Every structure is written in structure tokens, then in C-alpha cells.
Amino acid sequence: VEPIRKICCIGAGYVGGPTMAMIAKQCPDIEVKVVDINADRIAQWNSDELPVYEPGLDEVVSESRGRNLHFSTDVDQAIADAQMIFISVNTPTKHFGVGAGRAANLEFIEKCARKIAEVAQGHKIVVEKSTLPVRTAEAVKAILAGASSGATFDVLSNPEFLAEGTAVEDLVAPDRVLIGGESKAAVDALVDVYAHWVPREKLLTTNLWSSELSKLTANAFLAQRVSSINSISALCEATEADVDEVAMAIGMDSRIGPKFLKSSVGFGGSCFQKDILNLVYLCEYFGLPEVAEYWEQVVKMNDYQKTRFVRRIVRTLFNTVSDKKIGIWGFAFKKDTNDTRESAAIYICRDLLHERAKISIYDPRVDAEQIRRDLADVMRNGDSELSAASEKLLNENVEIVTDIHEASKDAHGIAVLTEWDEFKDADFERIHNEMKKPAFIFDGRNILKNLPLADIGFIYQGIGFSR
Ligand code: NAD
Ligand code: UDX
């Protein structure tokens, strides 16, 4: 088998862009072309303002771009030229027809497979990089088998485990790289790509189906830890236990481990909810309703955590937030990313708007336009049009501001929804002076817990403890 010298990746998103930039950086002997049908996105990848904010990503991209890393909209040419084709397109939750609200929408994957079948010549290795339901490779293989040109294919599964905000470090030093496949030669070819920088013992090869299923399982287990600690946070608030102390105590048990036990306003991001719902759907599909119900509880607990946070704010602010300004600190689903997909902030803001609060939102990285789109989408609630009442709330009760002081001035309360480091260094004396009294802080991330906020005069509430 010839070593891989030309790679193409279909999908220049949060996964395709950073992963391919890392391959290009680590493998100067391989030409990497990232293609997308979204011309704006490709233009951004070719500019100084990348479409994805990730610490360290600018450096990785600029090192290889124009050398052996290229971004283009010419999907056909890239497929034709490549020996190995990664599919890294979006697989969102399906919102129509059979499986709506749970199943993954695989139309973009299928379109890629059909495109490859249409234009490929000779032999190609097709790599599933997107997160997919177990057995998707069967459908991909069936579509590729219909290639008119007589091209032949191997299909591999190589799920991506990077987390946003730490994508570059996760790609440089992954816990493991998982490759599932049927043909040893194809698996070895991909192993050799990663072996440019990842130690061999971290390159794990399995059968195709285990690889596909491991990705959904990993996300389900991670999200389950967050929901588990969040469930305990509610009990802590009722009993004077402190959830951070409980997390510390259980996390020192090496069988449990300390990571992913940070209680919060609820997990967000494009993956956890989508992947668990997909797992739930698969279990139902394969006739396993008890397993489906078990995992669905992780998402229900997350919804409960978000609702509970808003209820607590309303209760604490003397049972009404109507016409009161609430400063929203952070809108991204976690720090160090500009991504807002499924961010808890979207749902917290929606519920506060339904309580007729006036919200003033500040996030250091998220575009104002993105926040407006997210809020309009959630207020539309699946309808094609906004109701007049929702439109009025969005126009009159939402402002998006460019610094923390503007968000907090004259506010009755502040809700911290993303754990941005800069929030810890805020000028709390000034913020307190400029707020209505009593001045409340509701810390959905427990990042301000150790600051002397009570001494300044704030009434401070976090998640999973009472003071
Ligand atoms: P994304 O929406 O940021 O990017 C997907 C890109 O694919 C878009 O730019 C879109 O225009 C493009 N695309 C769609 N159909 C296309 C087609 N037919 N031809 C060419 N381009 C096409 O999505 P993402 O966050 O990068 O996620 C991609 C996949 O990776 C998903 O399956 C996701 O579950 C998985 N994943 C995501 C993360 C994460 O942190 N975001 C982590 C691991 C795995
Ligand atoms: C996740 C997986 O971690 C990653 O392996 C996979 O490839 C994609 O999905 P991501 O969603 O980018 O990554 O970020 P992650 O760090 O997992 O955080 C997800 C959400 O959980 C965030 O909203 C975060 O704030 C929240 N979280 C995480 C907690 O509330 N508490 C924790 O202890 C950890």
C-alpha cells in the first residue's frame, strides 16, 4: 500500500478545520485540502479572522496554510485528488419526520458519500470523522458500492474526541486516537498518518462498529457525570452540604477520578445532548426501551438544572424579575470558545425573558448577531414566525453590550453563565456601586465563590451550596 500523501476533508467546521490543520502541521509530507460548500466559511479560513476561536489555533493554521494546508470550495477536485477522504460534516438532531428530536440527521453524510461515489476514480479510503450512529458505515459502504466509475473503497471510523476550548492541546496530545475498520491495510494507512506525532500505544484499533459506538458512549458517560453531580447539587442546596466539597471527596477515589465533576448551570455544546438523544433513539430502534430510558434521564436532569437555576433567581429576587435588569455574564457554552450551540445561556435567557426580565448580555468572544439569532430561534420554539409577544420581548428586553460594567449597571442581579477567566478579575467594588441594592450575584459556574463578595455587600448564590 502506498503511503498517504494527499488527504481531503469534507466539512470545514469546528472539527474539520482544527483536526486537518493539526495533521498538516505534523505531517509536512502530506497535502491536506479542507473543502466545504459554505463559501463564507472557506473565505474565513483563508483570512486572518478564522471562523473558529480556539486558543493556539491561529498559530497552527498560519504555520501550514498555503504550504500543505488549503481551504477550498472545490469539493469535486479535492475528492478526485485525494487518497484518503475524511467526512467531517454536521450530524445535528433531526427535527422532522421519523425520529424527530432524537435521531441524528444523516442527510449531509449521505450527500458526501454520494458525491464521493460520483467523482472518485481508483481506490479511496473514506474516513468517518463525524459522530455517527453505530452501523452508519454500512450505509456509507452501500452508497459507495454504487460508484459509476468502478472506483473501490475502504471505509474507516475515526471519531474525534477533542473538546472545544482545548482543541489544539487535545489534538497535539490526545488520550487516544480510535480507528475502526475492516481492511488492515486501510487501518494501517491511517495509523501511519497519526503516528507522525501520536505515540503508537495511544493509537487504538477496533472493529468498525465498536469505533462508531465508542464515540456516542464516551459522550454519554461524560455528560452523565455532569448530570450526576448536578443532581447532587440540588440536594446540597437543601441540606447545607457543598457540592464542590462532595465532588472533591468522591473525586479522590481513584475509581471515580476528579474530572468532569464540576457542578454547573447545565452542560451545553453541540455534542452531549445530540449524541445522548441519538443513543436513546438507537436503543429504542434496537428494541431496548429500558436502556433508552436510562440514558434519557441524563438529558432530563440537565434540563432540570437549567430550569432550577432560573427558578432560584426569581425566588431570591422576591418572586419577581419583571422589568428588572439582570446582567448576563457569558453566553458561550464554556470558556475559550465562541460557540453557543445548545449553551445553557440560551435557555436561561429565554426563561428570564418569559418572566419579563430585562437582560443585558456580555460575552468576550461571541458575536452580538449570534446571540440575537440564538434568542430568536429559541423564542420561535420551532415555529416559522416569531409571535408578536416574543418579538416585543426580544426588541425591548434584550441588550447585548461590550463590557461587563455596562451589563451590570443598574442591574438587580448578575447571572454568571460561562466560566470566562476575566470575570474573576472584575472590579467588583465598582460593579456593586453601580447596581441596584440589594445587589445579587447568581454564579452558575461557582467561579466567584472564593472572592470576598459578601464583604463588598453582594448577596452571592452559587450552585450546590447555601450560605
Ligand atoms: P460544523 O457545523 O461546525 O461543520 C460542519 C461543516 O460541514 C459546515 O461548515 C457545513 O457547511 C459542512 N457541510 C455540510 N454538508 C456538506 C457537504 N455536503 N459538502 C461539503 N460540506 C458540507 O460541525 P462540527 O462541530 O465541526 O461537527 C462535525 C461533526 O463532528 C459532527 O458529527 C459532530 O458531532 C462531530 N464532533 C464535533 C465536536 C465538536 O466539538 N464540535 C467534537 C467531536 C465530534
Ligand atoms: C465534548 C467532549 O468532551 C469531547 O470529547 C467531544 O469530542 C465533544 O463533546 P465539548 O462539548 O466541546 O466536548 O466540551 P466539554 O468540555 O465536554 O463541555 C461540555 C459541557 O459540559 C460544557 O457546557 C461544560 O461547561 C459542561 N461541563 C463540563 C460541566 O458543566 N461540568 C464539568 O465538569 C465538565
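The values are calculated or read from the model by the stated rules, or taken from the named source; none is laboratory data. Only a predicted model underlies this, so the values are computations on that prediction, with no experimental measurement involved. No Cβ is skipped: glycine too gets one built from the backbone with ideal geometry, and neighbour counts run over all protein chains shown.
All conditions but one from (1) crowded, with 18+ Cβ neighbours inside 10 Å; (2) of a type outside the set (D, E, K, R); (3) not in a helix (DSSP H, G or I) apply to ASN450; the one that does not is (1). Of the candidates PHE286, PHE221, PHE267, PHE272, the single residue that is more than 26 Å from VAL366 (Cβ to Cβ), within 11 Å of ligand 2 (Cβ to nearest atom) and not acidic (Asp, Glu) is PHE221. For segment 167-187, a tally of residues being surrounded by fewer than 16 Cβ atoms within 10 Å (Cβ to Cβ) and touching a residue at least 40 places away in the same chain (Cβ under 8 Å) returns 3.
For segment 34-41, check the following and say yes or no: at least one residue is surrounded by fewer than 18 Cβ atoms within 10 Å (Cβ to Cβ) and away from ligand 1 (no atom under 12 Å from the Cβ). Break it down into steps so the answer makes sense when it comes.
At the first step, the residues of segment 34-41 found to be surrounded by fewer than 18 Cβ atoms within 10 Å (Cβ to Cβ) are 37-40.
Retained after the next criterion (residues that are away from ligand 1 (no atom under 12 Å from the Cβ)): none.
No - not one qualifying residue is present in segment 34-41.
Do we have any residue at all in segment 21-32 that's within 10 Å of ligand 1 (Cβ to nearest atom), outside the structural domain of VAL366 (by TED's automatic domain parsing), part of a helix (DSSP H, G or I) and surrounded by 15 or more Cβ atoms within 10 Å (Cβ to Cβ)?
If we filter segment 21-32 for residues that are within 10 Å of ligand 1 (Cβ to nearest atom), which is where we start, we get none.
No, because not a single residue in segment 21-32 is within 10 Å of ligand 1 (Cβ to nearest atom), outside the structural domain of VAL366 (by TED's automatic domain parsing), part of a helix (DSSP H, G or I) and surrounded by 15 or more Cβ atoms within 10 Å (Cβ to Cβ).
Within segment 137-166, if we keep just the residues that are of a type in the set (Ser, Thr, Tyr) and assigned to a loop (DSSP other than H, G, I, E, B), the residue that is surrounded by the most Cβ atoms within 10 Å (Cβ to Cβ) turns out to be THR166.
Name every residue in segment 195-241 that is aromatic (Phe, Trp, Tyr) and within 16 Å of ligand 1 (Cβ to nearest atom), in order of residue number. Lay out the reasoning, then the answer.
Here is the first cut: in segment 195-241, the residues aromatic (Phe, Trp, Tyr) are 197, 209, 221.
Result: PHE221, single match.
Scanning segment 246-286 for residues that are surrounded by fewer than 24 Cβ atoms within 10 Å (Cβ to Cβ) and hydroxyl-bearing (Ser, Thr, Tyr) turns up SER254, SER270, TYR281, TYR285.
Can you work out which of the residues in segment 312-351 that are in a helix (DSSP H, G or I) and more than 24 Å from HIS405 (Cβ to Cβ) is nearest to the chain's Cα centre (by Cα)? Even if it seems obvious, please write down each step before you answer.
We begin by selecting, within segment 312-351, every residue in a helix (DSSP H, G or I); these are 312-316, 344-351.
Narrowing the set further to residues that are more than 24 Å from HIS405 (Cβ to Cβ) leaves 312, 314-315, 347, 350-351.
Details: ARG312: 26, VAL314: 28, ARG315: 31, TYR347: 16, ARG350: 20, ASP351: 22 Å.
Going through the qualifying residues, I end up with TYR347.
Screening ILE463 against (1) on the phi > 0 side of the Ramachandran plot; (2) touching a residue at least 60 places away in the same chain (Cβ under 8 Å) leaves a single unmet condition, (1).
Selection of segment 291-306 for residues being surrounded by fewer than 19 Cβ atoms within 10 Å (Cβ to Cβ) and among the polar types (S, T, N, Q) yields only GLN297. Residues considered: ALA344, ALA389, ALA332, ALA407. Of these, the only one that is at pLDDT 95 or above, of a type in the set (Gly, Ala, Ser) and surrounded by fewer than 22 Cβ atoms within 10 Å (Cβ to Cβ) is ALA389.
Let me confirm something: among ALA139, ALA80, ALA147, which residue is at pLDDT below 95, of a type in the set (A, V, I, L, M, F, W, C) and more than 13 Å from ligand 1 (Cβ to nearest atom)? Reasoning before the result, please.
Details: ALA139 fails: at pLDDT below 95; ALA80 fails: at pLDDT below 95.
Just one listed residue meets the conditions, ALA147.
Any chance segment 435-444 includes a residue that's in contact (Cβ under 8 Å) with a residue 12 or more places away in the chain, part of a helix (DSSP H, G or I) and surrounded by fewer than 21 Cβ atoms within 10 Å (Cβ to Cβ)?
Looking only at segment 435-444, we keep the residues that are in contact (Cβ under 8 Å) with a residue 12 or more places away in the chain, and these are 435-444.
From the residues that got through so far, the ones that are part of a helix (DSSP H, G or I) too are none.
So far as segment 435-444 goes, no, none of its residues is in contact (Cβ under 8 Å) with a residue 12 or more places away in the chain, part of a helix (DSSP H, G or I) and surrounded by fewer than 21 Cβ atoms within 10 Å (Cβ to Cβ).
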